[in-house]
Amino acid sequence: MQADLRAAARFFSSVESVAPVASLTHLHWVNASADQVSTVTPLLLDAGFAGTVVVARASQQQAMGAFSALNCALHDHPSAGQAAGDVLLEAPQGREAAQLAIAQIQAAMVECEPHTIWVFGDKESGIQSLAKRYVGASTALSKGHLRLVRIPACAPLVEATNKKGRAPFAFPTEANAFHTFTWDGLTLATRPGVFSWRHADAASTLLLKHLLAENLSGQWLDWGCGCGLLGAALLRQFPDLRVVMSDDHYRAAVCTQQTLDANALQARAQVICEDGVGPRIGALAFDGVVTNPPFHRGVRLDRGVAQRFLRDAQSILKPGGVIWLVGNRHLDYGAALQRDFSQVSCVESNAQFHIWRAQRR
Ligand SMILES: C[S@@+](CC[C@H](N)C(=O)[O-])C[C@H]1O[C@@H](n2cnc3c(N)ncnc32)[C@H](O)[C@@H]1O
């Protein structure tokens, strides 16, 4: 297994080229940043780690193509990977998402004793409070921003010490379980770890207030669709509209499909799991794009993904095609839009958000 881990470390140093699935049979790798993985791997090897590495998050470049499909499936169906030995997991963002991943791994472990679930992540990711929530868990490594926590594989949650008196998290661990909420009569299907999974995001609903008052037609792209709020609301409002909904997060794409099904909107929609404008989105042409773009990578602010998308969006918009975008005020997408689009207007500006409309050059 150590050889496999070394192979995985090598794999991560060349993630730009997609690894053949066959070489990953026993390794279900995390979508972790390469520097974190290269720091953690030798430490685990020295500690005699032998086990399975489970996909924490499916997204970004290294989870493309078949590799992505394999890893994504393993994330939601870890039993398909039969987690044998120890498990290494990159801390998913959010308390519930982390606990759900751990519950899934625990359910998938061939045997618990004497194994360990190792969780690593940025110190800002909530990983240290995760350590406090499991009986017998401890922080094994603190290095710069990186934290590595060991959780005994059979560890139950420390329910008694829940100071805020919150009921212990009890989201079902089955892959086909969804949380639902409603917004304006639409049913949204979500899961922990998907953006704004408990309720509709305020920025997105503000964007919808403007878009639903327009007269939209043709084919639109809901880029970074999350659980499908924007695209589903447009499909319901405009009976002739077709919407492609894309997200690089596999679980988000699954939730979007479920949202469409729950509202009987699937006939005019297509869901694509892809990073930015990849080969599938890139082969299409759109009359319009709607997006509440991502501005975090992990726990850090990162405008790069949105800026790359804005540059690439030119190639998928038809002549005269438009983009509608909402962003937190401090992100100020104005400059990027001015650079890449014409007729840029800030349709609404309030204390929190900017709504932008711009046209293809
Ligand atoms: C701010 S959320 C908006 C979600 C949804 N549209 C809404 O309004 O609730 C941004 C979404 O972009 C997705 N995302 C992040 N990076 C991406 C990428 N490189 N390609 C496609 N989607 C991405 C995230 O997974 C997330 O679902």
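Values for this structure:
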{"item": "Amide H partners (placed H, <5 Å) of residue 302, local residues excluded", "result": "296, 297"}
{"item": "For segment 208-361, accessible area per residue (1.4 Å probe, heavy atoms of protein chains only), Å²", "result": "41"}
{"item": "Amide H contacts of residue 193 (H built 1.01 Å from N, under 5 Å, at least 5 apart or other chain)", "result": "97"}
{"item": "Accessible area of residue 183 in the full protein assembly, 1.4 Å probe (Å², nearest 10)", "result": "50"}
{"item": "Accessible surface of segment 253-361, 1.4 Å probe, proportion on carbon and sulfur as whole %", "result": "48"}
{"item": "5 angstrom amide H check on residue 270, placed H, neighbours 5+ away", "result": "243, 244, 245"}
{"item": "Rounded if a/c under 1.5, otherwise prolate or oblate - segment 179-360, Cα gyration tensor axes", "result": "rounded"}
{"item": "9 Å beta-carbon shell around residue 272, net charge (K/R +1, D/E -1)", "result": "-1"}
{"item": "Radius 15 Å from Cβ of residue 187, net charge of other residues (Lys, Arg +1; Asp, Glu -1)", "result": "+1"}
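The values are calculated or read from the model by the stated rules, or taken from the named source; none is laboratory data. Remember, it's a predicted structure, so these values are computed and weren't measured experimentally. When we count neighbours, we look across all protein chains shown, and the Cβ atoms used for this are built from the backbone with ideal geometry, even at glycine. Side chains included, ligands, DNA and RNA excluded: accessible areas come from the protein's heavy atoms. Shrake-Rupley method; radii C 1.70, N 1.55, O 1.52, S 1.80 Å.
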